[in-house]
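Contents: one structure, followed by commentary.
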Amino acid sequence: MKKILVFGGTGAMGVYLVEILSKTGLYEIDVTSRSNRESTLPYLKYIKGNARDNDFMRSLLSEHYDVIIDFMNYNLDEFADRCNFLLSSCGQYVWFSSSRVYANSIIPITESSPRLLEVSQDKDFLATNRYALRKARQEDLITKSGFKNYTIIRPYITYSNERLQLGIYEKEQWLYRILKGRDLVINKNIIDKQTTLTYGYDVSLAISKLVYNQDAFGKVIQIASSENMTWREILKLYLDILKEKKNLTPRIYLSDHMQAIDELYEGGYNTIYDRVFNRHFDSSYLNKMANLGGGILQRNEERPN
C-alpha cells in the first residue's frame, strides 16, 4: 500500500481529495492540520502541526512517502527554500499552482497558453510577487529543478459547501452582506465577463486519477470546467436561491468606480489581470491524462449526495 502525505488537505479541495483517495483502499494517507482532527475514514490519519514550519515538515519526511500532495500557499522565498527537498523526498510531488497564471486569451486556454509572467508589459505588476506571478515563478522553480517526478496542477475557481465566489468576493463578503440586509456593489466591468466555476469534488476526483499516474509525471495540468457562464448569470442563480430559501431580494449596484474596493484584493491585480478577462478553458488534456472520458462534469454518478 502506497503512502501519501497531504499538506494543507483540509480546504475546499483537500477534504474531497483525501476522502476519495481513502475510499480506494490503495493508500495510507497522512494529512497535516493545525488543529486536532479525528478521522472517520479508513487509512486516513491527521497529524497536528504547522506544515509551513521547516522542522515539522522535515520530521515528517524523515520517512519516505510515495506521494506528497501540497496545497500550501507559500511565499516565493519560502518555497524556494524547500522545493528541491520536497521533490527529493517522494516518488511523486503534486503541487498546486493556479490557472490565474494565464494571460488574456481570445481562444480556449490550454496548458501551453502564454502566462502573464512572460507577456505582461506592466512593469509595476511584474515587480510584485502577486498571486498569478508568484505561482508562475514557483512553477519555474519546479520545472527547472532537474527533477521529473512532479505534477503541477492548475485549478481555477472552485466551489464547495465551504466556498462560493462572486467576482472578486468570497462568500464571507458578498453573502454576509446580503444576509445582513446590506447593499452589494459589483464591478460593472466584470459582470458580463465569461468565467467558469468547478465543483471542488470534481477537481479532486480528477486529481485522484493523476496520483501515481506515470503519464502525469513531469506535466503541468489545468483542471477547470470547459462550461462557461457570465458573472451576471451566476449572480442570478445566487439571487434566485436566496429568494426561494430566504425570501431575500437584495439591492445590487453595478459601478465603474471600484478602485478602492478592488485594491483590497491583491492591490487590484485580481481584477485587472483575471476577473475582467473572458476565461475559457480547454480541458481535453486533463480528460486524456486522467482517462475521464466525457470530462469532469459528466461524472455525476461519483459525486457525494
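Among the residues of the range 1-12, which ones are open to solvent by less than 30 Å² (accessible area, probe 1.4 Å) and on the phi < 0 side of the Ramachandran plot?
If the condition is that a residue be open to solvent by less than 30 Å² (accessible area, probe 1.4 Å) and on the phi < 0 side of the Ramachandran plot, then Ile4, Leu5, Val6, Phe7, Gly9, Ala12 are the ones that fit.
May I ask you to list pairs of residues, at least six apart or on different chains, whose Cβ atoms are under 7 Å apart, with the first in the range 39-54 being assigned to a loop (DSSP other than H, G, I, E, B) and of a type in the set (Phe, Trp, Tyr) and the second being at pLDDT 90 or above and surrounded by 12 or more Cβ atoms within 10 Å (Cβ to Cβ)?
Within 7 Å, the pairs are Tyr43/Ser22; Tyr43/Tyr27; Tyr43/Glu28; Tyr43/Ile29.
What helices (runs of 4 or more DSSP H), lying completely within the range 165-282, carry at least 3 residues that are more than 26 Å from Asp70 (Cβ to Cβ) and either open to solvent by 30 Å² or more (accessible area, probe 1.4 Å) or in contact with a Leu (Cβ under 7 Å, 6 or more places away or on another chain) (or both)?
In the range 165-282, the matching helices (runs of 4 or more DSSP H) lie at 171-179, 231-246, 259-262.
Considering only residues that are open to solvent by 50 Å² or more (accessible area, probe 1.4 Å) and not in a loop (DSSP other than H, G, I, E, B), which ones fall in the range 144-164?
Tyr159
Which ones in the range 118-137 are closer than 13 Å to Arg100 by Cα and assigned to a helix (DSSP H, G or I)?
Across the range 118-137, the qualifying residues are Tyr131, Ala132, Leu133, Arg134, Lys135, Ala136, Arg137.
Residue-by-condition table, conditions (1) surrounded by fewer than 17 Cβ atoms within 10 Å (Cβ to Cβ); (2) aliphatic (A, V, I, L, M):
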{"position": "Leu21", "(1), (2)": "no, yes"}
{"position": "Thr24", "(1), (2)": "yes, no"}
{"position": "Thr32", "(1), (2)": "no, no"}
{"position": "Ser35", "(1), (2)": "yes, no"}
{"position": "Ser39", "(1), (2)": "yes, no"}
{"position": "Asn50", "(1), (2)": "yes, no"}
{"position": "Ile69", "(1), (2)": "no, yes"}
{"position": "Tyr74", "(1), (2)": "no, no"}
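Before we move on, is Ser112 hydroxyl-bearing (Ser, Thr, Tyr) and touching a residue at least 60 places away in the same chain (Cβ under 8 Å)?
Considered against the rule, which asks whether it is hydroxyl-bearing (Ser, Thr, Tyr) and touching a residue at least 60 places away in the same chain (Cβ under 8 Å), Ser112 comes out as no.
The values are calculated or read from the model by the stated rules, or taken from the named source; none is laboratory data. Because the structure is a prediction, the values reported are computed rather than measured. In this analysis, Cβ positions are derived from the backbone assuming ideal geometry, glycine residues included, and neighbour counts consider all displayed protein chains. The protein model used for the area step is the full one, side chains on, heavy atoms only, and it has no ligands, DNA or RNA in it. Shrake-Rupley method; radii C 1.70, N 1.55, O 1.52, S 1.80 Å.
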